[in-house]
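In what follows, a single structure is set out as structure tokens and then discussed.
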Amino acid sequence: MIGRLPCRRAWREGEPLDGLLGREWLLTNGLGGYASGTIGATPTRRSHGLLVAALPAPLGRTLMLNHLVETLVTEDGQELRLSGIDGPASAVVPERLVDFRIENGRPIWRFEDRGVVLEKQIVVTYRQNTTRIAYRLLAAPGPVTLRLEPAVSMRAHEGRVDQPPGSYVVTSVGDGVEVTAASGPTGLPPLRLLARIAKAVPLAGDQRTLDVIYRVERSRGYEWRGELRSLGRFELALAPSELAEFTASTEPWEGLRDVRAEAAMELDDERRLRLVSQAHPIVQHGVGAELVLAADQFIITPRVRPADEVRLHAEGDEARTIIAGYPWFTDWGRDTMISLEGLTLLTGRHPEARSILHTFAKHIRDGLIPNLFPEGETQGLYHTADATLWFFHALDRYEQATGDLETRRFLMPKLVDIVEKHFAGTRFGIGVDPADGLLRQGAPGYQLTWMDAKVGDWVVTPRRGKAVEINALFYNTLMLLGGWLADEEAAGGEGRSLRSETVISAAGRLRESFNRRFWNPRTGCLYDVVDGEPDARGACDDASIRPNQVLAISLPHPVLDTAHWVPVLNIVREQLATPFGLRSLAPGHPDFKPRYDGDLRARDAAYHQGTIWGWLIGPFVDAWLKTFRHDREGARRLLDGLEQELSAACIGTISEIFDAEAPFLPRGCTAQAWSVAEALRALVAIARI
């Protein structure tokens, strides 16, 4: 029986102050909205805010409450800053912060100064755009005043920071206030604010402008200086052991007034306890339990696409999807299907897994699932060659975990149509080459594989031709569909336009061609792309050593002959493996980039040219355990960096990418779905041996 959820202490008094602004926390609401910031309670990213609301299209995720300037004033007039602004002069960090921890998935700060002890905790309500902050005065020699100054610049959460913050009308509504934007995005709901101890206190004082420096945006080459509009201040007189609370929301007033912060935290604790207790037993404790809570951050109901909800409700289902990463990604088909097993199946969330499959199935066009849904839009973009193939893999994993055959049977017409479209050829040059049965892909100006960096018109790694992992995935797809069709035919099911023997025969031809064409005896591993665009020397086969070849071993139906497994994994281990995942390109290659930093062009030039990807540890562990069946310790060492990473960037979760060389700094999204999913899945896979 689990009696307590994970606690991770991330900062103590005496540690370097840089850690306060360099490490972050994240809370999500199950809709795609979130609250996030630094340990130092000072915004350093344009997306940092206490209420990023998930609003229907065309708004999308919107920063409604950017910041709260918090000051504790003692009886003798001394001020203790609990949060601040990184302004033009110097960074403001909390004063007398002695401890920061993530407990039960939520951030907690503890301040101590001359007998004053105060704890601050934040809770975001599930399936609501509501953030509550609780301040408990644990000890004090006398009365103190808590001053809270909300500051706003309502805009898209990844919008420019150098625009005017806008003007706002503040109206008293009962015991709270409503903040309405008089300029800026149209259609915004009012921001509702409520501050209280035993009863609510009014907002007082004049509005003023705060200058803000966003240091992370400056390092990334974006606009980095902006303004926030302070709306006034709440002043709450606190006695020892009293609890003050502040609420910010776009939800109706009734629920906000009825639920106090303590009750909201208790409900949140109960929900998190259920999440951990229903997960696979291997991940109900320690790091595994932390990953279960991290997984929850990415599974959402897509409020921005109400049509999905209507259609699925009509079929007795609910719309679900997976946010690829915070803060800036939306839901991506590839990331969703790769992440589905770790985020939903190993965490016991089988109905949500089914809903995710149905949600994406509703958007199949020309034999493809969407690559992504852009922020604030209802229709997907389809420029991907592999997301649809991962869809088959995700469906197979779902069926193996749940025993539910009806979902596959319901989707069979679409599955058959997908493969027929790939045989005949579909968008973006995706189609089977009749000469050898391999799947080719590529269209000018598009990046169709997961190595999809693009700057303007420059596609950094186009990989047009026959890519190694695309063909490994297509082989796996054909073997799965062939088996499903055979089951259907054996049961006397309805006739399909595609027969199992046709599909299995195509898989056999692909496998023969794959092993003949992709094995590179010169490097002792696989080509990354064959029959591609000629390079500067006129070669059409790309011998770059990349991690994509691992999928030729790791998938349930491996396309690579077993004789090549050991040499491939030796090369990957020697040149690509790190404590945090696999490098995307081997050192020594002319295009290898050791660091992912600088402006957008510099970062995208390094994105798949050496940068380490955490999600690749999952396929590597799978391939390792298949090849070296009893080497559990060797597989476990592949996860050596996991514990360190959970305290490195965004506390309690895993970053998107890492620099290719030591000290392997975390980069990119601070919380990435497939990084968490594959780490969780790898933990279970290793323990099962």
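The values are calculated or read from the model by the stated rules, or taken from the named source; none is laboratory data. Remember, it's a predicted structure, so these values are computed and weren't measured experimentally. Glycine also receives a Cβ, built like all others from the backbone with ideal geometry; neighbour counts cover every protein chain displayed.
Need the failing condition index for ASP597 against (1) farther than 29 Å from MET479 by Cα; (2) assigned to a helix (DSSP H, G or I); (3) modelled with pLDDT under 95; (4) not small (Gly, Ala, Ser), just the number.
Unmet condition: (2).
Of LEU569, LEU551, LEU582, LEU616, which residue is in a helix (DSSP H, G or I), touching a strand residue (DSSP E or B) at 6+ places or on another chain (Cβ under 7 Å) and under 22 Å from LEU642 (Cα atoms)? Outline the logic, then answer.
Numbers: LEU569 fails: touching a strand residue (DSSP E or B) at 6+ places or on another chain (Cβ under 7 Å); LEU551 fails: touching a strand residue (DSSP E or B) at 6+ places or on another chain (Cβ under 7 Å); LEU582 fails: in a helix (DSSP H, G or I).
Exactly one residue qualifies, and that residue is LEU616.
Quick one: which residue in LEU243, LEU236 is under 28 Å from PRO165 (Cβ atoms), hydrophobic (A, V, I, L, M, F, W, C) and assigned by TED's automatic domain parsing to the domain that holds THR125?
Working: LEU243 fails: under 28 Å from PRO165 (Cβ atoms).
Just one listed residue meets the conditions, LEU236.
Is it true that LEU485 is under 27 Å from the mean Cα position of the chain (by Cα) and touching a residue at least 12 places away in the same chain (Cβ under 8 Å)?
Numbers: under 27 Å from the mean Cα position of the chain (by Cα): no; touching a residue at least 12 places away in the same chain (Cβ under 8 Å): yes.
Considered against the rule, which asks whether it is under 27 Å from the mean Cα position of the chain (by Cα) and touching a residue at least 12 places away in the same chain (Cβ under 8 Å), LEU485 comes out as no.
Scan PHE373, PHE392, PHE410 and give me the residue that is touching a Ser or Thr at 6+ places or on another chain (Cβ under 7 Å), aromatic (Phe, Trp, Tyr) and either surrounded by fewer than 17 Cβ atoms within 10 Å (Cβ to Cβ) or at pLDDT below 95 (or both). Steps first, please.
Details: PHE392 fails: either surrounded by fewer than 17 Cβ atoms within 10 Å (Cβ to Cβ) or at pLDDT below 95 (or both); PHE410 fails: touching a Ser or Thr at 6+ places or on another chain (Cβ under 7 Å).
Among PHE373, PHE392, PHE410, only PHE373 is touching a Ser or Thr at 6+ places or on another chain (Cβ under 7 Å), aromatic (Phe, Trp, Tyr) and either surrounded by fewer than 17 Cβ atoms within 10 Å (Cβ to Cβ) or at pLDDT below 95 (or both).
Give me the residue from region 7-59 that is outside any strand (DSSP E or B) and hydroxyl-bearing (Ser, Thr, Tyr) and, out of that set, nearest to PRO165 (Cα to Cα). Steps first, please.
Of all residues in region 7-59, those outside any strand (DSSP E or B) come to 13-23, 29-33, 39-48, 56-59.
Remaining after also requiring hydroxyl-bearing (Ser, Thr, Tyr): 42, 44, 47.
Details: THR42: 18, THR44: 17, SER47: 14 Å.
Out of the qualifying residues, it is SER47.
Give region 392-432 a look and list any residue that's under 19 Å from ARG349 (Cβ atoms) and among the hydroxyl-bearing types (Ser, Thr, Tyr), or say none.
Passing the criteria: TYR398, THR402, THR407.
Going by what's in this entry, would LEU138 be described as surrounded by fewer than 16 Cβ atoms within 10 Å (Cβ to Cβ) and among the hydrophobic types (A, V, I, L, M, F, W, C)?
Working: surrounded by fewer than 16 Cβ atoms within 10 Å (Cβ to Cβ): yes; among the hydrophobic types (A, V, I, L, M, F, W, C): yes.
Spelling it out, LEU138 is indeed surrounded by fewer than 16 Cβ atoms within 10 Å (Cβ to Cβ) and among the hydrophobic types (A, V, I, L, M, F, W, C).
Which one of these is modelled with pLDDT of 95 or more and in contact with a Pro (Cβ under 8 Å, 6 or more places away or on another chain): GLY333, GLY367, GLY380? Steps first, please.
Numbers: GLY367 fails: in contact with a Pro (Cβ under 8 Å, 6 or more places away or on another chain); GLY380 fails: modelled with pLDDT of 95 or more.
Going through GLY333, GLY367, GLY380 in turn, just one is modelled with pLDDT of 95 or more and in contact with a Pro (Cβ under 8 Å, 6 or more places away or on another chain): GLY333.
Would you confirm, using the coordinates I've provided, whether ILE197 is within 18 Å of LEU50 (Cα to Cα) and of a type in the set (A, V, I, L, M)? Let's see the steps before the verdict.
Working: within 18 Å of LEU50 (Cα to Cα): no; of a type in the set (A, V, I, L, M): yes.
Here the answer is no, as ILE197 does not meet what is asked.
Filter region 461-503 for residues that are among the hydroxyl-bearing types (Ser, Thr, Tyr) and in a loop (DSSP other than H, G, I, E, B) and give the result.
Pass one, region 461-503, residues among the hydroxyl-bearing types (Ser, Thr, Tyr): 461, 475, 477, 497, 500, 502.
Result: THR461, SER497.
How many of the residues making up region 202-251 are part of a loop (DSSP other than H, G, I, E, B) and either surrounded by fewer than 20 Cβ atoms within 10 Å (Cβ to Cβ) or touching a residue at least 60 places away in the same chain (Cβ under 8 Å) (or both)? First the steps, then the outcome.
First, the residues of region 202-251 that are part of a loop (DSSP other than H, G, I, E, B): 202-203, 205-207, 214, 220-224, 231-232, 239-242, 250-251.
Next, from what is left, pick out any that are either surrounded by fewer than 20 Cβ atoms within 10 Å (Cβ to Cβ) or touching a residue at least 60 places away in the same chain (Cβ under 8 Å) (or both): 202, 205-207, 214, 220-224, 231-232, 239-242, 250-251.
Summing the residues that are part of a loop (DSSP other than H, G, I, E, B) and either surrounded by fewer than 20 Cβ atoms within 10 Å (Cβ to Cβ) or touching a residue at least 60 places away in the same chain (Cβ under 8 Å) (or both) in region 202-251 gives 18.
Condition first: at negative phi and within 31 Å of the chain's Cα centre (by Cα). Now tell me which residues in region 126-147 satisfy that.
Residues satisfying the conditions are TYR126, GLN128, ASN129, THR130, THR131, ARG132, ILE133, ALA134, TYR135.
Suppose we filter region 217-236 for residues that are at pLDDT below 95 and among the aliphatic types (A, V, I, L, M); how many remain?
Qualifying residue count for the region: 0.
Restricting to region 155-193, what's the tally of residues that are in a loop (DSSP other than H, G, I, E, B), surrounded by 14 or more Cβ atoms within 10 Å (Cβ to Cβ) and of a type in the set (A, V, I, L, M)?
Count: 2.
Can you name every residue in region 640-657 that is within 23 Å of GLY40 (Cβ to Cβ), touching a residue at least 60 places away in the same chain (Cβ under 8 Å) and either touching a Pro at 6+ places or on another chain (Cβ under 7 Å) or surrounded by fewer than 21 Cβ atoms within 10 Å (Cβ to Cβ) (or both)? Break it down stepwise before answering.
Quick first cut of region 640-657, residues within 23 Å of GLY40 (Cβ to Cβ) only: 644-656.
Pick out the ones that are also touching a residue at least 60 places away in the same chain (Cβ under 8 Å) and you get 644-654, 656.
Those that are within 23 Å of GLY40 (Cβ to Cβ), touching a residue at least 60 places away in the same chain (Cβ under 8 Å) and either touching a Pro at 6+ places or on another chain (Cβ under 7 Å) or surrounded by fewer than 21 Cβ atoms within 10 Å (Cβ to Cβ) (or both): GLN644, GLU645, SER647, ALA648, ALA649.
Out of all the residues in region 491-530, which are within 23 Å of ARG463 (Cα to Cα) and charged (D, E, K, R)? If you could, list the steps in order and put the result at the bottom.
Let us first name the residues in region 491-530 that are within 23 Å of ARG463 (Cα to Cα), namely 507, 509-530.
Residues satisfying the conditions are ARG509, ARG511, GLU512, ARG516, ARG517, ARG522, ASP528.
Within region 85-125, work out how many residues are on the phi > 0 side of the Ramachandran plot and either surrounded by fewer than 23 Cβ atoms within 10 Å (Cβ to Cβ) or part of a strand (DSSP E or B) (or both).
Taking region 85-125 and keeping what is on the phi > 0 side of the Ramachandran plot, we get 96, 104-105, 114-115.
Now drop any that are not either surrounded by fewer than 23 Cβ atoms within 10 Å (Cβ to Cβ) or part of a strand (DSSP E or B) (or both), which leaves 96, 104, 114-115.
Final tally of qualifying residues: 4.
One residue is enough: does region 423-433 have a residue meeting the conditions part of a helix (DSSP H, G or I) and without any contact (Cβ under 8 Å) to a residue 40 or more places away in the chain? Quick ask: steps written out before the conclusion?
To start, the set of residues in region 423-433 that are part of a helix (DSSP H, G or I) comprises 423-424, 427-429.
Right, trim to without any contact (Cβ under 8 Å) to a residue 40 or more places away in the chain and you get 424, 429.
The answer is yes; a qualifying residue exists.
Can you pull out the residues in region 371-400 that are in a helix (DSSP H, G or I) and closer than 17 Å to PHE474 by Cα? Show your work before the answer.
So in region 371-400, the residues in a helix (DSSP H, G or I) come out as 387-400.
Passing the criteria: ALA387, THR388, LEU389, TRP390, PHE391, PHE392, HIS393, ALA394, LEU395, ASP396, ARG397.
Filter region 358-370 down to the residues that are of a type in the set (D, E, K, R) and assigned to a loop (DSSP other than H, G, I, E, B), then identify the one that is surrounded by the fewest Cβ atoms within 10 Å (Cβ to Cβ).
Narrowing region 358-370 to residues of a type in the set (D, E, K, R): 362, 365-366.
If we keep only those that are assigned to a loop (DSSP other than H, G, I, E, B) as well, we get 362, 366.
Numbers: LYS362: 16, ASP366: 13.
Among those residues, the one meeting the criterion is ASP366.
Out of all the residues in region 594-603, is one or more within 30 Å of PRO663 (Cα to Cα), touching a Cys at 6+ places or on another chain (Cβ under 6 Å) and not assigned by TED's automatic domain parsing to the domain that holds ASP433?
As a first pass, look at region 594-603 and keep what is within 30 Å of PRO663 (Cα to Cα): 594-603.
Restricting the remaining residues to those that are touching a Cys at 6+ places or on another chain (Cβ under 6 Å) gives none.
Scanning region 594-603 turns up no residue that is within 30 Å of PRO663 (Cα to Cα), touching a Cys at 6+ places or on another chain (Cβ under 6 Å) and not assigned by TED's automatic domain parsing to the domain that holds ASP433.
Restrict the check to region 73-82 and report whether at least one residue is part of a loop (DSSP other than H, G, I, E, B) and either more than 19 Å from ARG114 (Cα to Cα) or of a type in the set (Gly, Ala, Ser) (or both).
First, pick out the residues of region 73-82 that are part of a loop (DSSP other than H, G, I, E, B): 74-78, 82.
Keeping just the survivors that are either more than 19 Å from ARG114 (Cα to Cα) or of a type in the set (Gly, Ala, Ser) (or both) gives 77.
Scanning region 73-82, I find at least one residue that is part of a loop (DSSP other than H, G, I, E, B) and either more than 19 Å from ARG114 (Cα to Cα) or of a type in the set (Gly, Ala, Ser) (or both), so the answer is yes.
One line per residue, one yes/no per condition, for (1) more than 15 Å from the chain's Cα centre (by Cα); (2) assigned to a helix (DSSP H, G or I); (3) among the hydrophobic types (A, V, I, L, M, F, W, C); (4) surrounded by fewer than 23 Cβ atoms within 10 Å (Cβ to Cβ):
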position	(1), (2), (3), (4)
ARG303	yes, no, no, no
ALA307	yes, yes, yes, yes
VAL310	yes, yes, yes, yes
GLU318	yes, no, no, yes
PHE329	no, no, yes, yes
ASP335	no, yes, no, no
GLY342	no, yes, no, no
PRO351	yes, yes, no, yes
ILE356	yes, yes, yes, no
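From the list PRO190, PRO164, which one is within 12 Å of LEU65 (Cα to Cα) and assigned by TED's automatic domain parsing to the domain that holds ASP86?
Checking each option against the conditions leaves just PRO190.
Could you tell me which of the residues PRO666, PRO619 is out of contact with any His (no Cβ under 8 Å at 6 or more places or on another chain), crowded, with 22+ Cβ neighbours inside 10 Å and closer than 23 Å to THR562 by Cα? I'd like the intermediate steps shown before the answer.
Working: PRO666 fails: closer than 23 Å to THR562 by Cα.
Answer to the check: PRO619.
Would region 285-292 turn up any residue that is assigned by TED's automatic domain parsing to the domain that holds THR359, part of a strand (DSSP E or B) and touching a residue at least 40 places away in the same chain (Cβ under 8 Å)?
Start the filter on region 285-292 by keeping residues that are assigned by TED's automatic domain parsing to the domain that holds THR359, which leaves 285-292.
Among the residues that remain, those that are also part of a strand (DSSP E or B) are: none.
Scanning region 285-292, I find no residue that is assigned by TED's automatic domain parsing to the domain that holds THR359, part of a strand (DSSP E or B) and touching a residue at least 40 places away in the same chain (Cβ under 8 Å), so the answer is no.
For region 488-509, does any single residue satisfy the condition of being among the hydroxyl-bearing types (Ser, Thr, Tyr), in contact with a Leu (Cβ under 6 Å, 6 or more places away or on another chain), at pLDDT 95 or above and within 17 Å of THR388 (Cβ to Cβ)? Reasoning before the result, please.
Pass one, region 488-509, residues among the hydroxyl-bearing types (Ser, Thr, Tyr): 497, 500, 502, 505.
Subsequent filtering for residues that are in contact with a Leu (Cβ under 6 Å, 6 or more places away or on another chain) retains 500.
From the residues that got through so far, the ones that are at pLDDT 95 or above too are 500.
Now narrow it down to the ones that are within 17 Å of THR388 (Cβ to Cβ): none.
No; the residues of region 488-509 include none that is among the hydroxyl-bearing types (Ser, Thr, Tyr), in contact with a Leu (Cβ under 6 Å, 6 or more places away or on another chain), at pLDDT 95 or above and within 17 Å of THR388 (Cβ to Cβ).
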